[in-house]
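Got a structure for you, questions after.
Each reported figure results from applying straightforward, stated rules to the coordinates on display, with no laboratory input. Source: prediction; values computed, not measured. In this analysis, Cβ positions are derived from the backbone assuming ideal geometry, glycine residues included, and neighbour counts consider all displayed protein chains.
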Amino acid sequence: MWNRNHNQSERKVMIGGILVLIIAMGIGRFAFTPIVPQMMEQGFIGEKEAGTLASANYLGYLAGSLIAAFYPPSRRRLFAIKSWLLVSVATTALVAAVESIPIWHVLRFVSGAASAFLFIYASSLVMDVWSLKKRASAAVSSLYTGVGLGITLAGLAVPFLYAAFGWKGSWWGLGVISLPGVALAWRWLRDVPAERTETAPSSPASLPAGRRYDLRQGWDGRLLAAYGLEGLGYIVTGTFLVAYAGRLPEAAAISSWSWVAVGLAAVPSGWVWSYAAERLGFRYALAAALAVQSIGIVLPVAFPTPAGVIGSAVLFGGTFIGIVTLAVSWGRALNPQRSGRTVGLLTAAYGTGQFIGPGAAGWLIAEAGEYATALFGAACIVAAGMLFLLAPLKERKSKQFLKG
């Protein structure tokens with residue numbers, strides 16, 4: 001009976017964690033993408049403002065990830081998750097309350113910080129709970145379906161909210177939609193005592209040869225660099241895909257649905273790429289995901305048609321959560337005793353790229369009057385991350401960045 005109750009409790013923690021990521025990531029962080037064209041159409045912002053608003057959000061994400069990495073909440077992790085959930089919902093809804101670009105920047109910054117805290121704390125909490133049965137890797141893949149589900153939910157809701165209430169209705173409507181998820185997450189999440197969360201690392205001798213090579217000293221620095229480049233490159237499509245599709249004569253009619261395609265493709269991507277890692281090892285699986293994503297980013301430039309846009313959405317959605325899953329799982333395998341700090345440092349590298357990317361791309365798009373150059377540059381940056389991983393590791397001692 002105890003075991004059955006314990007398993008039910010684990011499942012509730014997982015569902016609670018998924019709800020956290022639906023609210024904080026899929027809605028609080030990424031709902032900006034399908035709403036941007038609405039705000040641009042009404043003349044409230046242009047490409048530059050869209051880029052700086054996205055950068056403000058990712059600057060908050062970077063700040064939150066650094067704070068979470070170096071100043072974890074210790075035994076108050078669950079309280080922090082519940083508190084930041086309320087902040088995430090409030091900063092989403094409040095965008096509709098004002099028509100001030102400076103205030104919008106503040107709200108998006110705070111929303112970004114909330115999404116970082118929630119991503120890191122929820123990830124470490126769920127992994128710690130599930131690591132008691134040595135299922136942390138499987139837990140990561142399941143947990144990150146929340147991002148894809150949130151993107152899908154926002155992508156489906158925003159067109160209807162806009163048609164009924166305008167762009168302001170999109171913001172406050174998503175805030176209202178988030179409230180039931182907040183209530184369930186508050187009810188089902190629980191933490192584990194700190195002394196029970198430490199798990200022994202897998203013995204390298206028990207792992208396949210490829211996986212043993214992946215865990216050698218030196219890969220942590222490569223992982224941080226590649227993950228930072230991913231943050232810099234992927235976020236251009238993550239910010240401007242719907243707006244770009246809306247500018248294409250043949251694809252404008254399906255522009256809003258491209259974001260739904262991103263979300264649907266993202267839901268199973270964690271499992272797909274985790275399976276790839278089991279077969280190929282972390283290094284080659286992550287390099288393959290980066291290669292596929294770089295193709296997806298440039299695809300609508302090469303084929304500016306509905307098929308090109310939807311194909312881009314599927315390849316993009318089918319990789320960006322998988323890349324997060326692989327990076328977090330690999331980082332945790334390199335440093336299993338300090339999962340929270342590891343996730344925080346990786347998220348900080350990712351967040352640095354995310355902060356730089358949208359503002360630079362928005363400026364480039366506004367100056368050039370087209371999206372192709374920004375998207376092509378983003379694809380090259382992601383491909384550079386792939387090359388970082390494919391270069392062989394030198395036989396020398398190197399600093400382990402993810403260690404405490």
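Under unit Cβ charges (Lys, Arg +1; Asp, Glu -1), what dipole magnitude, rounded to 20 debye, does segment 48-114 have relative to its Cα centre?
Computed charge dipole of segment 48-114: roughly 400 debye.
Same structure, new question: Residue farthest toward the positive end of the dipole of segment 37-103, with Cβ of Lys/Arg at +1 and Asp/Glu at -1: which of Thr92, Tyr58, Phe79?
Checked the options; the winner is Phe79.
At Cys380 and Arg247, where each label point lies 7 Å from the Cα along Cα→Cβ, what is the point-to-point distance in nanometres?
Those two pseudo-labels are separated by 1.8 nm.
Another question, then. Per the Debye formula with a single identical scatterer at each Cα and no solvent contribution, what log10 I(q)/I(0) holds for segment 318-393 at q = 0.14 Å⁻¹?
Each listed q maps to, in turn, -0.60.
A further question follows. Kindly provide the chymotrypsin sites (Phe, Trp or Tyr not before Pro) of segment 1-102 that DSSP labels as loop, not H, G, I, E or B, and whose Cβ sees at most 16 other Cβ atoms within 10 Å.
Phe44
In whole Å, what is the distance between the alpha-carbon centres of segment 289-356 and segment 154-187?
With segment 289-356 and segment 154-187 each reduced to a Cα centre, they are spaced 25 Å.
Another one. With a point put 7 Å past each Cα toward its Cβ, work out how far Arg11 is from Val98 in nm, to one decimal.
Each label point is offset 7 Å from its Cα along the Cβ direction, giving 4.5 nm.
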